[in-house]
1. Under a straight-distance cross-link criterion of Cα-Cα below 24 Å, which lysines are reachable from B:K236, leaving out those fewer than 8 residues away in the same chain?
2. Would you please put C:96-107, C:228-239, A:98-109 in order of how densely packed they are, using the mean number of other Cβ atoms within 10 angstrom per residue and starting with the highest?
3. Given a Förster distance of 25 Å, report the FRET efficiency between B:M30 and B:D79 from their Cβ-Cβ distance, rounded to the nearest 0.05.
4. Over all directions, how big on average is the projection of the convex hull of the alpha-carbon atoms in the stretch B:29-141, in square nanometres?
5. What translational diffusion coefficient, in µm²/s and rounded to a whole number, does the Stokes-Einstein relation yield for the stretch C:37-113 at 37 °C and a viscosity of 0.692 mPa s, taking the hydrodynamic radius as the Kirkwood radius over Cα pairs?
6. Seen from all sides and averaged, what is the projected area of the convex hull of the Cα atoms in the stretch A:1-69, in nm²?
7. Before anything else, pin down the relative contact order of the stretch B:2-267: Cα pairs under 8 Å, at least 6 apart, normalised by residue count, whole percent.
8. What do you get for GluC sites (Glu not before Pro) in the stretch C:61-149 restricted to DSSP loop and a cutoff of at most 13 other Cβ within 10 Å of the site's Cβ?
Amino acid sequence: MSIICNHIDKTFKTGLGGKTVHAVTDVSFEVSPGEVFGIVGPNGAGKSTLLKMFMGFLRPSSGEITLFGKSPSDPLSRMNLGYLSENPCFYEHLSAIELMQFSARVSGVDSKKTKNKISRLLKLMNLEHAGKRKLRGYSKGMVQRAGICFALIHDPDLIVLDEPMSGLDPIGRKLLVDLVLDLKSKGKTILFCSHILNDVERLCDRIAIMCNGGLKYILSHENLIEQGKQVTLSVSNLTREGSEKIGSTGAILKVEENQTIIFCSQKQLKNIMNITAAYGIKTSNIDVSSNTLEQLFLDAISVDVVEEVCHV
Amino acid sequence: MKRIQALAILTFKEGIRDRALYGITIMAVMMLLATILLTNLFGHELGKVMVDLCLSTIAFAGLLLTFFVNINLMAKDIDKRTVYSVLSKPFSRTEYIMGKYFGLILLVFVSLFLLVVFSTGIIFIIKSADASLYFKDFSWICYFQAFAFQLMMFVLLNAVIIFFSSITSSSFLTLIFSLSVYVTGQSIEEVVSFFKKEALVYNITSPVNQFVVEYLQYVFPNLSAFDIKMFASHGKLISISHTLSLFGYSIVYSALLLFFASLIFNKRELK
Amino acid sequence: MKAGKSLLVFIFLLGVFVFFSGSLEKKRERLLMSNFVEYTIPSKLIVPASLEFKGLSSDFLLFKFMTYIGGKVAQKSNISDEQWTSLVSTLETITDLDPYFWDAYLFSEMFLAWGAGRIKEANQLLLKGTRYLPENYRLFYYLGFNYYYFLKDNKSASRYFMEAAKLPGCSSYVARLAARLSVYSFQHRDGIVFLQDMLKNTKDKSVRDQFEMRILTLEKMEFLEKKIDKYERIYRTYPNSLNDLVVSGLIDKIPEDPYGGKFMIMQNGRVYTTSNMLTKTE
């Protein structure tokens, strides 16, 4: 197991003798090697706090965390780890190359290979021309990309990214998505949190939905695909034969009093339409939604929680 | 070890490219050049005055560096979250403290070394131009010894900076505390001897005075012990044993401060 | 148009600035020229406040001291009693900051003793110096000299001269002087020797001029006293006035006192001058 966290709690005291804030409440999950794990949630859900506890910046008020079997307070737990923080900041008087050299050196990369690795990564992240420039002169997107280079120079097995897409333009985002997929193909483990559900959906094997410090759901890709029956048909006079035929396409049927609801993907829709036509099944309603995750997300949050979040 | 070294060099690089450093260096160079103007004004003890001026400039530059550039380097790290780029690597909190400390020291040493070389050149020029009659008490060994003592003071002072930086991330508070320790450290010897004299003369000692004289004086670092400018300007050499024990004092006190700093920093939460 | 307007504003401001700078400068000059006694920060404050820059502070204060006196000399103006007192305290501060500062002790002798007649304070400072510069014969020599020449206390003088004679670099003249003191009295030659020694160690032109003037005066007085002794040997009595020396042909004319006074003869055959150059301010 790359990451294990067990019943993590984190509370903060605001100011001197102020209120206690429960940033994270009873979160437990595991990330397997080679997995891409995403955490989504509204602002203030505790995602960043959780990640910071993994990194050892904060200590959980209770509960256990292990990275590669080691506690985050053991610096060696970060030997094979690359981290990119939210809104990353680096020493502005240094160049990207110097930063990467530092990162490589400290993580035990062979000094002879460092130069090649640096130029390769810079090329990959489109920063070749700016490698020697001081970070002071970088745009936000460039800093983000430099941060990714910093995190990957030592070829870590575990990569933790806190809101990696923030600050990137569409080109940058594409770069990142390609990168994640590339890393995944190499068998790396990736943990990241994000607001942008599209990317999370596309990239992740499993997704955790957090709200108000607590973990609401963990969905696997299959769940998603399942729930990714993006088309909802309401039909009536469904015969047994018809339902069997429709069932064989892989769609899910839900029988209700007056009607049957068919959940299917857009791919299967064509076949189903043929079947309904062939069997004279009446379609009273077709609903095409493209945001299942969003639906689940909002579901998980539910109205009263959203209110609470708004007031906080 | 390698990590501490890497962080030290990183800190050094970041500091040396800070504009403030340029300003301080330029100011110091100006001051040293000004010493040339003063050669006509002083009678006998030109050697003394030159040593006073050069060493004082170096000390002052070091103080500016320590109180403004170095404190900033520490505070900015936490403020701007650049500390994450270090702590996300396999650094322990203690290694971080040590790495930053050695980086600060390196910065002060290199800058002051440049200044002392420059001042040596100036003294050399003036000494050979003007009759050595006015430099009769001057001694190069004493001059460099005073410089070495000054460096050891900065070893201690920067440990003080690190200590307060680990407690608070406000650069203002760190500045106030460190400055207070500096002033106290420079004055403590005099204050204690004043109290002792008073006790002798008036034969009464209030319990407060006694407490200060006996115990509190050892809490603060005795920084005035590192100031041998006056001895150097009159060509008086300090013995090797004295030198060694002073250097030892500096190292031990700094080590203590760093120890506490890393203890405190280990407990610290970085939001 | 805009550029032109800015230029006009700039020229106007510049003119105003020059005017005010000029008037300020004049007013400052006037203020500093007046015999204003500068407030001196007490030594007890300056010393701890200088932290590790005591040497530098002592240099700065000495510089101030020199320029102050130099300024007064250049303007040929007097230094009042109160001003001398503040100068004394300045020297005290300088030697508190750096007790090894030779120049400060030298100036104590040069200006406090010879310039202001503040022998007691000069001696205090010199004594302080002997604690820190015990190998420097000059401090004892100056002390001895002050007692001998100014305070007419031969016993103390002899004691100090003996101390000086023991130290390296001291010429044997001092030892002989110490011995002579018990027997012979006051002689101008000693003053001349002393001042010539001082002269060797002074770079400052205005100070040198004063010493030379004084040496000249003493030489004249010594010359006159030699002639008086000769007169005594011939006529078995001291002359009533210096004119007698002229009449008897021993001197061509009564020499002039460079300080503007008149040389007079005393009952015991010693010469003094009405200008009393000792207490005249430098």
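Each value in this text was obtained by applying a stated rule to the coordinates, not by laboratory testing. Computed from a predicted structure; not experimentally measured. Heads up, the Cβs are rebuilt from the backbone with ideal geometry, glycines too, and the neighbour counts pull from every protein chain shown.
1. B:K48, B:K127, B:K136, C:K54, C:K128, C:K166
2. Result, highest mean Cβ count within 10 Å first: C:96-107, A:98-109, C:228-239.
3. Here the calculated transfer efficiency is 0.20.
4. That works out to 8.7 nm².
5. 259 µm²/s
6. 5.0 nm²
7. So the answer I get is 30 percent.
8. Passing sites in the stretch C:61-149 are C:E135.
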